[in-house]
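For reference, the structure discussed in these notes is given below.
The values are calculated or read from the model by the stated rules, or taken from the named source; none is laboratory data. Quick caveat: nothing in here was measured; it's all calculated off a predicted structure. All Cβ positions, even for glycine, are placed from backbone atoms using ideal geometry, and neighbour counts span all protein chains on display. All accessible areas refer to the heavy atoms of the entire protein, side chains included, with ligands and DNA or RNA removed. Shrake-Rupley method; radii C 1.70, N 1.55, O 1.52, S 1.80 Å.
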2 protein chains.
Amino acid sequence: MSDLARLSINSETIKQWSLEELVAGCVDAGVPGIAPWREPVEAYGPAKAARLLRDAGLTVTSLCRGGFYTAAEPTERKQALDDNRRAIDEAAELNSPVLVLVSGGLGHQDRDLKGARARVADALAELAPYAGERHVTLAIEPLHPMFCSDRCVVSTLQQALDLARPFPKEQVGVVVDTYHCWWEPDLEAQIDRLGAAGRIALFQVADWITPLPEGVLLGRGQLGDGHVPLREIRQMIDATGHDGPVEVEIFNADMRKRNGAEVLAEVVRRYRDHLV
Amino acid sequence: MSDLARLSINSETIKQWSLEELVAGCVDAGVPGIAPWREPVEAYGPAKAARLLRDAGLTVTSLCRGGFYTAAEPTERKQALDDNRRAIDEAAELNSPVLVLVSGGLGHQDRDLKGARARVADALAELAPYAGERHVTLAIEPLHPMFCSDRCVVSTLQQALDLARPFPKEQVGVVVDTYHCWWEPDLEAQIDRLGAAGRIALFQVADWITPLPEGVLLGRGQLGDGHVPLREIRQMIDATGHDGPVEVEIFNADMRKRNGAEVLAEVVRRYRDHLV
C-alpha cells in the first residue's frame, strides 16, 4: 500500500485551482482522495463533477460544507434547512460518504449562545433521517472557540459528540480537525471516547501558527510549520480503530498565492514527514 | 451601597493614562477599585505606588501579572520563578489580595503541550507557599484557546481548577474572565464547581467582538458591544456566594486612542447598563 493511501486534499488548500486542475493535480501526484467544497462543484455542475471525479479514479472523502442553521427567524431557518437538503443531495451524487457541517454563529450582538446551540440540535433532528436515506453521514465539525460568535457555536469534541449521540451513527458523526481541537486539555480522552462511540466521521489536518491574521480565517499553518503534534494525534485516531482518510484542509492566504502544483508537492512532502 | 461598589478598573483598559492619572480618574468617577499592571507600578516605584493608592482610598483588586513559566530550559525557568517571587512581593506591598498568573505558551515550533502544562503545575508548587506567607492568592487565569501557543497553555476553567486543587485555596485560585471563557459549553456548571470549591479568586469582564484584529490581542470589546451575556455570567458568579470585585479589563486598540476620562465615563455607563 502506498504511503499516500489515506491522503486526501481539500479544495480550500489549493483554492487557486479549479476543480479540473485539482483533479488533474491529484492524479499526477498520486494522491487518491479529494474533498471538494460545494462552490467549485456547483460551478462545474454536480453531475459533471461526479463523472469527472469517478473517471479520474479519485475517492471523494467529504463534501464541505453544510450547516449555518442557527438563525431563529423562521424564513431564514427554512432556507438554511432547504440548502442543507441540497447539500446532502450533492454529497450523495458525488458519492461522498460525508457532508461536513459547520453550525453557524450568532447574529449581530446576539447573546443567546444556549438558544443557538439548541437550534443546532433541532436542525440535526430535521436533517439526519434525510441524510440517512441517501447514505450520507452528517459530520458535525467543532470549530476553534475563536469562531464561536461568527461561524460555529459548536466548539469542542465533547459538545459535538453530545449533539451526535441521539442519532444513529450512520447518520451523524463528528469531524476531528487538528487545527480546531489541538489545544483541548483532554484531547486523547476525547478522541478515545469518540472512537469508542463509533463517531469519528472524518479526520482533517492543518497546523497552528501565530500571529493570527486579521479575521483569523486564513491563518492556518502548512503541516509541520506550527505547534500541532500531527503524528501523535493521527496515532490517537488510529488507536481507536479508525482508519479513514487524512484530509488536508489548510486555509492559508500565502499558500493560495503560489503555484498550485508547487503547493500540492509541498503538502505531499509535509504529509510524509509529519503524518505517515 | 453605591451601584459602583464592586467596580474595579484594570490599568490596561485605559493604558493611555499614567498610574497617577488613573488613580485621580477613578477617584473623580467614584470608582472604588483599581487593578494595576506591574509595568506602571514598577515605573512609579512600588512603595510610592502603594502610598498613592492608599492615600486615594482605592482598593487594589489584583496585580497583573505573573506567570510565563513554561520554559523548559533551566536558566530561563529560574529567571521566571524569581520574577514571579518579585511579583508576589509587589502584590503584598500594594496590599493586593491577588496576583494574576498567565502561564505562558510554547516555544518556537514546540509541540509538547503536555510538557508545558506539567511545568505550570510544577511552578505553582514552587510559588504557592511563598505567596501564602505573604497573604497573596495566586490566581490562575485560563486564557482563550486562541492564545494557547503563544501566551497561555491553560485554556479552560476546568483545567485551571484542576491545577489549583492541590494547594490551599488561600494560596491558589482561578480568574473567571468573561472574554476568555464565555464560549465554554458548560460555563454555568464550571462556575458552580469553582465557587463550591472556593476557588473564584477574581472576576474580570470584557465583551467579545469580531472581526478579531491581527494578532488578536487588542480586539476585546467594550461592555455591551458584543456577544457576552455579561449580567447573566455575573449572576452565575453571585449564585456561588462570591461577592468580590468586578474588574473591567478591556484590551482595545481604539479605546487606547481616546481621551482617558471619556473612556472611563463610558466604562462606568456600560457597567451600569450591562452588569449591575
One decimal, nm, nearest first: from A:E76 to the same residue in each other copy, label points 7 Å out along Cα→Cβ, the values are 4.6
Hey, how many Å between the Cα centroid of region B:14-55 and the Cα centroid of region A:17-32? 62 Å
Taking region A:10-104, which trypsin sites (Lys or Arg not before Pro) meet the DSSP loop condition and have no more than 12 other C-beta atoms within 10 Å? none
With every protein chain in place, the accessible area of B:V153 for a 1.4 Å probe, in Å² rounded to the nearest 10, comes to 0 Å²
Considering only B:S103, B:S149, B:S62, give the residue with the highest GNM mean-square fluctuation for chain B, with springs between Cα atoms whenever their separation is below 10 Å. B:S149
Give the average, rounded to an integer, of partner chain Cβ atoms located within 10 angstrom of each Cβ in A:223-232. 4
Restricting to Cα pairs below 8 Å that are 6+ residues apart, what does the relative contact order work out to for region A:9-92? Please round to a whole percent. 27 percent
Using a 1.4 Å probe over the heavy atoms of the protein chains, calculate the carbon and sulfur portion of the accessible area of region B:170-248 as a whole percent. 46 percent
Read phi for every residue in region A:24-38 and hand back ³J(HN,Hα) as whole Hz from Karplus 6.51 cos²θ - 1.76 cosθ + 1.60, θ = phi - 60°, with x for Gly and Pro. 4, x, 5, 4, 4, 8, x, 8, x, x, 8, 9, x, 7, 5
Over chain B, what is the relative contact order in whole percent, taking alpha-carbon pairs under 8 Å and six or more residues apart? 19 percent
Can you give me the relative contact order of region A:85-244 as a percent, contacts being Cα pairs under 8 Å and 6 or more apart? 19 percent
Among B:194-201, B:105-112, the order from most to least packed when residues are scored by Cβ within 10 Å on average: B:194-201, B:105-112
Using a 1.4 angstrom probe with every protein chain in place, what is the largest-first accessible-area order of B:D89, B:D162? B:D162, B:D89
Taking the Cα-to-Cβ direction at A:Y130 and at B:D186 and moving 7 Å from each Cα, how far apart do the two end points lie in nm? 3.2 nm
Quick one: accessible surface of A:I209, probe radius 1.4 Å, all protein chains present, in square angstrom to the nearest 10. 50 Å²
Could you bin all the Cα-Cα distances of region A:56-195 into 10 Å bins starting at 0 and give me the percent of pairs in each, rounded to whole numbers? 13, 43, 35, 9, 1
From the helices alone, meaning DSSP H stretches of at least four residues, give me the mean residue ellipticity at 222 nm for the protein assembly as shown, per-run term -39500 (n - 2.57), in deg cm²/dmol to the nearest 500. -13000 deg cm²/dmol
For region B:91-137, what class follows from the C-alpha gyration tensor (a ≥ b ≥ c being the square roots of its eigenvalues): rounded when a/c is under 1.5, otherwise prolate if a/b is larger than b/c, else oblate? prolate
Rule-of-thumb check for the protein assembly as shown: C-alpha Rg over 2.2 N^0.38 Å? 1.03
Ordered shortest first, which distances in nm separate the 7 Å Cα→C-beta label point of A:P211 from those of the other copies? 1.5
Taking only the alpha carbons of region A:114-268, the radius of gyration and the largest Cα-Cα distance, Dmax, both in angstrom, are 16.0, 45
Potential extension, B:A253-B:E20 segment - 0.36 nm per residue separation minus Cα distance: 81.8 nm
Greater than 32 Å apart at Cα, pairs in A:K78/A:K169; B:K15/B:K78; B:K78/B:K114; A:K48/A:K78; B:K48/B:K78; B:K48/B:K114: B:K48/B:K114
Everything considered on the Cα gyration tensor (a ≥ b ≥ c; rounded for a/c under 1.5, else prolate if a/b is larger than b/c, else oblate), region B:145-189 must be described as oblate
Rg (one decimal) and Dmax (whole number) from the Cα set of chain B, in Å, equal 17.5, 52
Region A:129-276, accessible area per residue, ligands and nucleic acids excluded (1.4 Å, Å²): 34 Å²
DSSP beta bridges in chain A: the antiparallel percent, rounded to 5, is 10 percent
Once the Cα atoms of region B:1-113 are picked out, what are the Rg and Dmax in Å? 16.1, 52
What average number of partner chain Cβ atoms lie no more than 10 Å from the Cβ of the residues making up B:113-119? 2
Inter-chain shielding metric for A:140-146, i.e. average beta-carbon neighbours from other chains within 10 angstrom, reads 4
Can you give me the Cα centroid spacing of region A:69-143 and region B:213-276 in angstrom? 33 Å
Taking every DSSP beta bridge that has both residues in region A:116-267, what percent is antiparallel when rounded to the nearest 5? 25 percent
Scattering from the C-alpha atoms of region A:1-58 alone, worked out with Debye: what is log10 I(q)/I(0) at q = 0.13, 0.18 1/Å? -0.29, -0.55
So what is the diffusion coefficient of region B:236-276 in µm² per second by Stokes-Einstein at 20 °C and 1.002 mPa s, using a Kirkwood Rh over Cα pairs? 180 µm²/s
Using a ≥ b ≥ c from the Cα gyration tensor of region B:165-231 (square roots of the eigenvalues), is it rounded, prolate or oblate, where a/c under 1.5 gives rounded and otherwise the larger of a/b and b/c decides, a/b for prolate? prolate
Label spacing, shortest first and in nm, from B:G198 to its equivalents in the remaining copies (7 angstrom along Cα→Cβ): 4.8
DSSP-defined beta bridges in the protein assembly as shown - what % are antiparallel, rounded to 5: 10 percent
